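In what follows, a single structure is set out as structure tokens and then discussed.
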Amino acid sequence: MGGVEDDEPASKRLKLASGRLTGLSNGSSLTEPIVGSRDLMARPPQSEGDKDVLGSKGVIKRVEFVRIIAKALHSLGYKKSCAHLEEESGIPLHSSAVDLFMQQVLNGNWDESVVTLHNIGLKDENIVKSACFLILEQKFFELLDGDNVVDALKTLRTEIAPLCINNGRICELSSCIVSSTHCNSVGSSNQDNGRIKPRSKLLEELQKLLPPTVIIPESRLEHLVEQALTLQRDACFFHNSLDKEMSLYSDHQCGRDQIPSRILQILEAHSDEVWFLQFSHNGKYLASSSNDRSAIIWEIDVNGGVSLKHRLSGHQKPVSSVSWSPDDHQLLTCGVEEVVRRWDVSSGECLQVYEKVGLGLVSCGWFPDGKWIFSGINDKSICMWELDGKEVECWKGQKTLKISDLEITSDGKQIISMCRPTAILLLDREAKAERVIEEDQTITSFSLSRDNRFLLVNLLNQEIHLWSIDGNIRLVAKYKGHRRTRFVIRSCFGGLEQAFIACGSEDSQVYIWHRGSGDLVEALPGHSGAVNCVSWNPANPYMLASASDDRTIRIWGLNSLHVKHKSAHSNGTHYCNGGT
């Protein structure tokens, strides 16, 4: 097909196996292979009535299917049902040799189990040796535990060492003969607090080592079902519901109604443009900052209603950003090239002011243990402070910009900031090493994923780039569609397992993309000015907030009121839009 050779007669392109040609009724011929010859490359498919396979696709082998079901029944404790299935189907869960081997291991018949292992019919000699090593190692430790040092030494010298594998481990076992204290540390992988591990644990290790055709892996049926559900979930474009709500009774598919797209509340307490907002880690609060030189802490009640808790006043310049403490008990606010203030969330009291004489602070963030704070300075340095205002450390040089976000990874090792208009610095505090993300366009903002593995970067050219920073830095995805011509527009991760990307836009809409595919899911109208910032509630995948130049904050939820989520509150589960 498609080549010169295709013009040749079919007979010239067929290569027949050695054998005797026999005539067919239609005048053609076939080869009748001789005994011992190779099968034809093109073999007929299984017939629909073939009892060796199951399912409409003909890919499920009947024997494997029955054995896996029997294994699941046995693991669930339905041993009689397992036995009945074996008897009725004529398909044993394990061969008689394997059953004998497993019983010998549980009984501690070590020499007999090694003999049986060799009779099971394993073809890979390395697997046989590794399994023997595990069995004899258990024998060695049990002999030592019974103060039978002579026999333990004999086992090590005449049974374990001749296997000629894992020489490092053999040296460790030898040290156990000399020192029982050292034996406890050496046997840590085999013992718990110096005691011999249960033989059932040894059997589990052997099951993982031996081929699945010999001993079916534990929880194999559960794994296959979970795999099928996971594939359905990952293929679901709008998936934003709890996995526990997925059912085995039908294929999983979410609708558009899983995405927060309805305005539930409009918050109008700010008197000027709202520039920044962020939900607390526990989802109980929302903090916003504005050009009106104030920040506001909003409280979310058990029904999902949002109300003003504290107005934080004291900044002499517009408040550019906020940052929640790890325990959500305190809040940082940063004025534009001014100071950083630390507030008590419960009382609304200002606890500390952080400043540098002659310089302005431009960003803020918390160390994961909540004992230090970080701030970018307008001389391009980054400083770390104790809570009482004492400066602990300062990284000077080209570390940050006057307009830059600031993130600290949850292990406290990396500080992330814009070091140049087109570059983001990942500064490793402990290794004192630097990595850089280079972009072709000017960067306007960025945010860090909850698992610290990805960075979401907004660019001047109206694109959002998703970078993997776990290991080698690489560009993963791009998102387009929103408008950005003059202002700093911020994006965020959100939804269940942060499966979506949300972003503001200068066309007064909120844009939502599917993180994996990059496809645009929603463009939400409602604001009457540029949407500067969005934040997705980390404890409620159905609650989204947006801040705008129209001086309002909009709270978005689902059109449906019947989807449950993990409550951020202590009184249990409540519904997507707050309804209990």
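The values are calculated or read from the model by the stated rules, or taken from the named source; none is laboratory data. Everything quoted here is computed from the prediction, not taken from an experiment. Cβ sites come from the backbone with ideal geometry, for glycine too, and all protein chains shown count toward neighbours. Note: accessible area is taken over every heavy atom of the protein model, side chains too, but ligands, DNA and RNA are not part of it. Shrake-Rupley method; radii C 1.70, N 1.55, O 1.52, S 1.80 Å.
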Criterion first (modelled with pLDDT under 90 and either farther than 22 Å from residue 105 by Cβ or outside any helix (DSSP H, G or I) (or both)) does residue 188 satisfy it?
no
Taking segment 101-126 and keeping residues assigned to a helix (DSSP H, G or I) and more than 15 Å from residue 210 (Cα to Cα) leaves 103, 104, 106, 107, 110, 111, 112, 115
The correct count of residues that are open to solvent by 20 Å² or more (accessible area, probe 1.4 Å), farther than 14 Å from residue 492 by Cα and in contact with a helix residue (DSSP H, G or I) (Cβ under 9 Å, 6 or more places away or on another chain) in segment 514-531 is 2
Only one of (1) open to solvent by 50 Å² or more (accessible area, probe 1.4 Å); (2) of a type in the set (Asp, Glu); (3) modelled with pLDDT of 95 or more; (4) out of contact with any strand residue (DSSP E or B) (no Cβ under 8 Å at 6 or more places or on another chain) does not apply to residue 251, and that is (3)
If we take segment 299-352, then strands (runs of 3 or more DSSP E) inside it with 2 or more residues that are of a type in the set (Ser, Thr, Tyr) are 306-313, 319-324
**Check on residue 239, crowded, with 16+ Cβ neighbours inside 10 Å, over 26 Å from residue 298 (Cβ atoms) and without any contact (Cβ under 8 Å) to a residue 60 or more places away in the chain** = no
Residue 256: passes all of (1) touching a Lys or Arg at 6+ places or on another chain (Cβ under 8 Å); (2) open to solvent by 70 Å² or more (accessible area, probe 1.4 Å) but (1)
Residue count, segment 274-319, condition without any contact (Cβ under 8 Å) to a residue 24 or more places away in the chain and closer than 15 Å to residue 345 by Cβ, comes to 2
Restricting segment 360-376 to residues that are touching an Asp or Glu at 6+ places or on another chain (Cβ under 8 Å) and closer than 16 Å to residue 318 by Cα, the one surrounded by the most Cβ atoms within 10 Å (Cβ to Cβ) turns out to be 362
Residue 169 passes all but one of the listed conditions (1) assigned to a helix (DSSP H, G or I); (2) touching a residue at least 40 places away in the same chain (Cβ under 8 Å); (3) of a type outside the set (Ser, Thr, Tyr); the exception is number (2)
| message | Just to be sure before I move on: is residue 413 among the basic types (Lys, Arg) and free of Cβ contacts under 8 Å to residues at least 12 places away in the same chain in the structure I sent? | response | no
Restricted to segment 428-445 and to residues being open to solvent by less than 10 Å² (accessible area, probe 1.4 Å) and of a type in the set (A, V, I, L, M, F, W, C), the residue farthest from the chain's Cα centre (by Cα) is 443
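Let's see how each residue does on (1) under 16 Å from the mean Cα position of the chain (by Cα); (2) open to solvent by 10 Å² or more (accessible area, probe 1.4 Å):
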position: 450; (1), (2): yes, yes
position: 475; (1), (2): no, yes
position: 481; (1), (2): no, yes
position: 512; (1), (2): no, no
Of the candidates 517, 548, the one satisfying the condition of being of a type outside the set (A, V, I, L, M, F, W, C) and more than 21 Å from residue 256 (Cβ to Cβ) is 548
Requiring at least 1 residues that are within 30 Å of residue 327 (Cα to Cα), the strands (runs of 3 or more DSSP E) wholly within segment 502-563 are 510-514, 531-536, 544-548, 553-557
Per the list (1) open to solvent by 80 Å² or more (accessible area, probe 1.4 Å); (2) over 26 Å from the mean Cα position of the chain (by Cα); (3) of a type in the set (D, E, K, R), residue check on residue 245 breaks on (2)
Among strands (runs of 3 or more DSSP E) entirely within segment 391-478, at least 3 residues that are closer than 20 Å to residue 365 by Cβ occur in 391-395, 406-408, 414-420, 423-428, 433-438, 443-448, 454-459
Expected output for segment 338-350 (first residue free of Cβ contacts under 8 Å to residues at least 60 places away in the same chain and within 15 Å of residue 366 (Cα to Cα), partner open to solvent by 30 Å² or more (accessible area, probe 1.4 Å) and among the polar types (S, T, N, Q), Cβ below 8 Å, 6+ apart or cross-chain) is 341/352; 342/330; 342/352; 343/330; 344/330
